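Since the structure comes first, as structure tokens, the remarks are kept for the end.
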């Protein structure tokens, strides 16, 4: 069965594309047939795919034919969708109906927390979520555990009625990898040693059955 994942948050600059590209990289490294889609007008994910070196586990984009809607390539097993800032209302409703799981990235700032609180409330009211056909989780992004902002983020997340999959540290490793079309899962074990353990909660959740 096709597995589909939406990475979404109405707040811009919260790490959606970083999370989406690396999630696609994880699935590709596992040998799945992966499509990384982008419903953002900026098409950041599609542009990133152009940088991806030949010889790495393949990640595909939408099949686009003249006069036809974009669709996943044939035999795709896993779809990861990146989303634009401001996704809400009818457009959110349409997307969520066709998605199995939604991952909400969240940075440790009061502005991100306030925007995300309202977004999670909206998500939890979606019919597919209430009927347990779509599942939601949160990931803390660019978190420095030594800061007060990180502690405020943890306190906010403790009060949520959704799983928190983990906290990804604030590091240039993701930025440097992305510049070359790479993900954390394409790097050498030594270079990814500090970051791979932080993905374990995410990996456990995306690989677990939620039916």
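Couple of notes before you dig in:
- Residue count, the stretch 109-141 (criterion: outside any loop (DSSP other than H, G, I, E, B) and more than 18 Å from residue 12 (Cβ to Cβ)): 9
- The set of residues in the stretch 152-164 being more than 17 Å from residue 142 (Cβ to Cβ) and in a helix (DSSP H, G or I) consists of 155, 158.
- Scanning the stretch 109-142 for residues that are surrounded by 18 or more Cβ atoms within 10 Å (Cβ to Cβ), touching a residue at least 40 places away in the same chain (Cβ under 8 Å) and out of contact with any strand residue (DSSP E or B) (no Cβ under 8 Å at 6 or more places or on another chain) yields a count of 1.
- The listed residues are 185, 167, and the only one of them that is in contact with a helix residue (DSSP H, G or I) (Cβ under 9 Å, 6 or more places away or on another chain), closer than 19 Å to residue 52 by Cβ and either free of Cβ contacts under 8 Å to residues at least 40 places away in the same chain or in a helix (DSSP H, G or I) (or both) turns out to be 185.
- Of all residues in the stretch 40-59 being under 14 Å from residue 84 (Cβ atoms) and in contact with a helix residue (DSSP H, G or I) (Cβ under 7 Å, 6 or more places away or on another chain), the one that is surrounded by the most Cβ atoms within 10 Å (Cβ to Cβ): 45
- If you go through the stretch 4-38 and pick out every residue that is surrounded by fewer than 18 Cβ atoms within 10 Å (Cβ to Cβ) and at pLDDT below 95, you end up with 2.
- Segments classed as helices (runs of 4 or more DSSP H), wholly inside the stretch 1-108, with at least 3 members that are touching a strand residue (DSSP E or B) at 6+ places or on another chain (Cβ under 7 Å), more than 20 Å from residue 122 (Cα to Cα) and touching a residue at least 40 places away in the same chain (Cβ under 8 Å): 16-29
The values are calculated or read from the model by the stated rules, or taken from the named source; none is laboratory data. Predicted model, so just to flag it, every value in this text is computed and none were measured. Methodologically, a virtual Cβ is constructed for each residue, glycine included, from the backbone with ideal geometry; neighbour enumeration extends over all protein chains shown.
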